[in-house]
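Okay, so here's the structure we're looking at.
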Amino acid sequence: MNKDMLNLGSNRSIIRELFEFSKQRKAEIGEDNVYDFSLGNPSVKPNPKLNEALIEIINKGDDTYSHGYTSAPGDNNTRQKIVDNLNKRFNTSYTIGNIYMTCGAAASLCIALRALVESKKDEILAMAPYFTEYKVFAEGAGATFKVVKPNMESFGINFDELAKEINENTKAIIVNSPNNPSGVVYSKESLIKLADFLIKKEKEYNHPIYIICDEPYREIVFDNVEVAHIPNLYNDTVVCYSYSKSLSLPGERIGYVLVPDKAADSKNLFLACLGAGRAYGYVCAPSLMQHAIELCADLTSDMNEYKKNRDLIYNGLTEIGYKCVKPEGAFYLFMKALEDDAYEFMEKAKKYNIIVVPSDNFGVKGYVRLAYCVSSKTIINSMKAFKQLFEEYNK
C-alpha cells in the first residue's frame with residue numbers, strides 16, 4: 001500500500017489529537033471545566049434563512065432537483081448568484097464560466113494545486129504562519145512545499161524571506177488572509193507590493209507565478225479592516241472559497257474555485273481544475289447545498305459574536321501579561337508561549353485544562369493558537385486558569 005497515505009492516516013493532525021483529548025477530559029471532569037481552544041469549528045449559528053432555504057428546497061418535492069447530480073462545474077443558477085454577488089462587491093465582471101463548485105475550501109485548494117502542478121520540481125510557497133494542511137495538499141498534488149519565514153513583529157508578509165525562497169521552479173504562492181492561525185489581515189498596500197514583486201519575477205523566469213487565495217474567513221473581519229480582492233491587484237490569481245465560516249456550515253462542505261479570465265491561460269486552467277476534480281473523484285459538489293447557496297449567496301451569519309469573543313480573549317490575556325497578536329479577522333488568536341518550546345507549554349496548559357495548539361505545526365516557533373469560536377462563557381471562565389498558568393511560569 002502507499003506508505004505516504006498510511007502515514008497520513010495513522011497520524012492525525014495535532015489539532016484533531018487535541019480535540020479528541022478535550023472530549024475525553026470533558027467526559028471525565030465536565031464540559032464547563034475544560035477550556036478547549038483547539039478546533040476552528042464555528043460557534044455562531046447559521047443564518048436563519050439558510051435553514052429556511054433548505055426546507056423550501058425539500059418542500060418542492062422534486063428529489064432529482066434536491067438530491068440528484070448537477071453538472072460537474074456546478075448548478076448554473078447557483079454559480080450565477082455567486083458571480084452576481086462578487087461582481088457587485090468587488091466591481092468585477094465574472095461569469096459562471098469562472099466558477100467551479102467544490103466540496104469546501106480544502107477540495108478547492110487540492111483541485112487548484114493538482115491543476116497547476118506538473119512535477120515534483122514545481123514548488124508551492126506558503127507564508128508562515130500557515131494552515132497546517134497546506135503541506136499535505138501541496139505534496140499530495142505532487143509538488144515540493146516550501147515555507148516563507150514570517151515577519152515576527154507583525155506576522156505580515158516578509159518580503160526579504162520571500163525573495164530568498166522564490167525561484168524559477170515556483171509555481172504558486174498560497175495567500176491566506178484573514179489568516180489562520182494568526183488572525184492577521186494582509187494590508188492592501190502589502191498585497192500591491194506582493195503583486196509588483198511577482199510581476200517582476202514572472203518576467204525574470206518567463207512563466208506565470210499564481211497566487212492561490214485561500215479565503216474562507218473573508219467575511220470575518222473587525223474594526224472596518226479591508227480585505228482586498230486579490231484578483232483586482234494581480235491577474236494570475238485563483239480564489240479558493242468556502243461557506244463553512246461565513247454561513248457557519250463547515251460540515252456541509254460547500255465552496256468554489258474561481259479562475260478569473262485575466263489569469264494566465266485561464267481557459268485551460270479552468271479545464272485543468274475540472275480534470276483535477278475528475279481525477280479526485282469529485283462528481284459534483286453536494287446538490288442540496290448548491291441550491292441553498294443559490295438562495296443565500298448574499299448572506300452571512302451574525303459575526304458580532306466573534307468580535308465580542310476577540311475582545312474578551314485578547315483583553316483578558318494581555319491584562320494577565322501574555323503577549324498576543326491582536327486579530328483583525330478570522331477567529332484565531334496567536335499567543336506567545338511562556339517558554340521557547342510551544343509543545344512543552346501546551347502540555348503545561350493541559351494541567352489547567354486549557355487546550356491550545358502549538359505553533360510549530362503552523363511554521364512558527366514559540367507561539368500557540370487559540371480558536372476563540374467558543375462560548376463567551378468559556379473564555380471568561382478560562383481566565384482564572386490562564387492566570388494560574390502564567391503564575392506558574394513567573395514564581
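Quick one: Gln388 ticks every box in (1) buried (at least 17 other Cβ atoms within 10 Å of the Cβ); (2) in a helix (DSSP H, G or I) bar one, so which box is it?
Failed condition: (1).
Cβ-Cβ below 8 Å, separation at least six or inter-chain, first residue in segment 234-251 and at positive phi, second not aliphatic (A, V, I, L, M): which pairs?
Final answer for the pair search is Ser248/Pro42; Ser248/Lys45; Ser248/Pro46; Ser248/Asn47; Ser248/Ser301.
Of all residues in segment 83-121, which are of a type outside the set (A, V, I, L, M) and assigned to a helix (DSSP H, G or I)? Step through it out loud before you land on a result.
Of all residues in segment 83-121, those of a type outside the set (A, V, I, L, M) come to 84-85, 87-95, 97-98, 100, 102-104, 108, 110, 114, 118-121.
Within segment 83-121, Asp84, Asn85, Asn87, Lys88, Arg89, Phe90, Gly97, Asn98, Gly104, Ser108, Cys110, Arg114 meet the criteria.
Does segment 295-307 contain at least one residue that is closer than 25 Å to Leu109 by Cα, β-branched (Val, Ile, Thr) and crowded, with 17+ Cβ neighbours inside 10 Å?
Yes, because at least one residue in segment 295-307 is closer than 25 Å to Leu109 by Cα, β-branched (Val, Ile, Thr) and crowded, with 17+ Cβ neighbours inside 10 Å.
What are the residue pairs meeting all of these: first residue in segment 47-61, first residue surrounded by 19 or more Cβ atoms within 10 Å (Cβ to Cβ), second residue assigned to a loop (DSSP other than H, G, I, E, B), Cβ atoms under 6 Å, and 6 or more apart or on different chains?
Qualifying pairs under 6 Å: Leu50/Leu247.
Can you tell me how many residues in segment 214-244 are outside any strand (DSSP E or B), in contact with a strand residue (DSSP E or B) (Cβ under 8 Å, 6 or more places away or on another chain) and not aromatic (Phe, Trp, Tyr)? Working first, answer last.
Residues of segment 214-244 outside any strand (DSSP E or B): 215-220, 222-236, 243-244.
The next check asks that each one be in contact with a strand residue (DSSP E or B) (Cβ under 8 Å, 6 or more places away or on another chain); those that pass are 215-218, 220, 222, 225, 227, 230-231, 234, 236, 243-244.
So of that shortlist, the ones also not aromatic (Phe, Trp, Tyr) come out as 215-216, 218, 220, 225, 227, 230-231, 236, 244.
Within segment 214-244, residues that are outside any strand (DSSP E or B), in contact with a strand residue (DSSP E or B) (Cβ under 8 Å, 6 or more places away or on another chain) and not aromatic (Phe, Trp, Tyr) number 10.
Which of the residues spanning segment 22-31 are in contact (Cβ under 8 Å) with a residue 60 or more places away in the chain and within 28 Å of the chain's Cα centre (by Cα)?
Ser22, Arg25
Test Ser248 against the criterion of being closer than 28 Å to Ala330 by Cα, in the same structural domain as Asn158 (by TED's automatic domain parsing) and crowded, with 23+ Cβ neighbours inside 10 Å, and give yes or no. Quick ask: steps written out before the conclusion?
Details: closer than 28 Å to Ala330 by Cα: yes; in the same structural domain as Asn158 (by TED's automatic domain parsing): yes; crowded, with 23+ Cβ neighbours inside 10 Å: no.
When the stated conditions are applied, Ser248 does not pass them.
Among the residues that make up segment 363-370, is at least one of them in contact with a Ser or Thr (Cβ under 7 Å, 6 or more places away or on another chain), among the aromatic types (Phe, Trp, Tyr), surrounded by 23 or more Cβ atoms within 10 Å (Cβ to Cβ) and assigned to a strand (DSSP E or B)? Give the steps one after another, and end with the answer.
Going residue by residue through segment 363-370, those that are in contact with a Ser or Thr (Cβ under 7 Å, 6 or more places away or on another chain) are 365-369.
Adding the requirement that they be among the aromatic types (Phe, Trp, Tyr) leaves 367.
The next check asks that each one be surrounded by 23 or more Cβ atoms within 10 Å (Cβ to Cβ); those that pass are 367.
Imposing the further condition that a residue be assigned to a strand (DSSP E or B) reduces the set to 367.
Yes; the residues of segment 363-370 include at least one that is in contact with a Ser or Thr (Cβ under 7 Å, 6 or more places away or on another chain), among the aromatic types (Phe, Trp, Tyr), surrounded by 23 or more Cβ atoms within 10 Å (Cβ to Cβ) and assigned to a strand (DSSP E or B).
Just checking, how many residues over segment 252-308 are among the small types (Gly, Ala, Ser) and part of a helix (DSSP H, G or I)?
We begin by selecting, within segment 252-308, every residue among the small types (Gly, Ala, Ser); these are 255, 263-264, 266, 272, 275-277, 279, 281, 285, 287, 292, 297, 301.
Cutting the leftovers down to part of a helix (DSSP H, G or I) gives us 266, 272, 275-277, 279, 287, 292.
Adding up the residues that qualify gives 8.
For Ile254, indicate whether it is surrounded by 22 or more Cβ atoms within 10 Å (Cβ to Cβ), more than 18 Å from Val117 (Cα to Cα) and touching a helix residue (DSSP H, G or I) at 6+ places or on another chain (Cβ under 6 Å). Can you show your working first?
Numbers: surrounded by 22 or more Cβ atoms within 10 Å (Cβ to Cβ): yes; more than 18 Å from Val117 (Cα to Cα): yes; touching a helix residue (DSSP H, G or I) at 6+ places or on another chain (Cβ under 6 Å): yes.
Criteria met by Ile254.
Tell me, please, whether a residue that is surrounded by fewer than 18 Cβ atoms within 10 Å (Cβ to Cβ), more than 18 Å from the chain's Cα centre (by Cα), within 22 Å of Leu269 (Cβ to Cβ) and hydroxyl-bearing (Ser, Thr, Tyr) can be found in segment 169-191.
No; the residues of segment 169-191 include none that is surrounded by fewer than 18 Cβ atoms within 10 Å (Cβ to Cβ), more than 18 Å from the chain's Cα centre (by Cα), within 22 Å of Leu269 (Cβ to Cβ) and hydroxyl-bearing (Ser, Thr, Tyr).
May I ask you to verify whether Tyr243 is farther than 16 Å from Asn85 by Cα, crowded, with 24+ Cβ neighbours inside 10 Å and of a type outside the set (A, V, I, L, M, F, W, C)?
Working: farther than 16 Å from Asn85 by Cα: no; crowded, with 24+ Cβ neighbours inside 10 Å: yes; of a type outside the set (A, V, I, L, M, F, W, C): yes.
The answer is no for Tyr243.
Which residues, counting only those in segment 67-104, are within 21 Å of the chain's Cα centre (by Cα) and among the hydroxyl-bearing types (Ser, Thr, Tyr)?
Listed by number, the residues that qualify are Tyr100, Thr102.
The values are calculated or read from the model by the stated rules, or taken from the named source; none is laboratory data. Please read these numbers as outputs of a predicted model, since none were measured by experiment. Note that each Cβ is placed from the backbone with ideal geometry, even for glycine, and that neighbours are counted across all protein chains shown.
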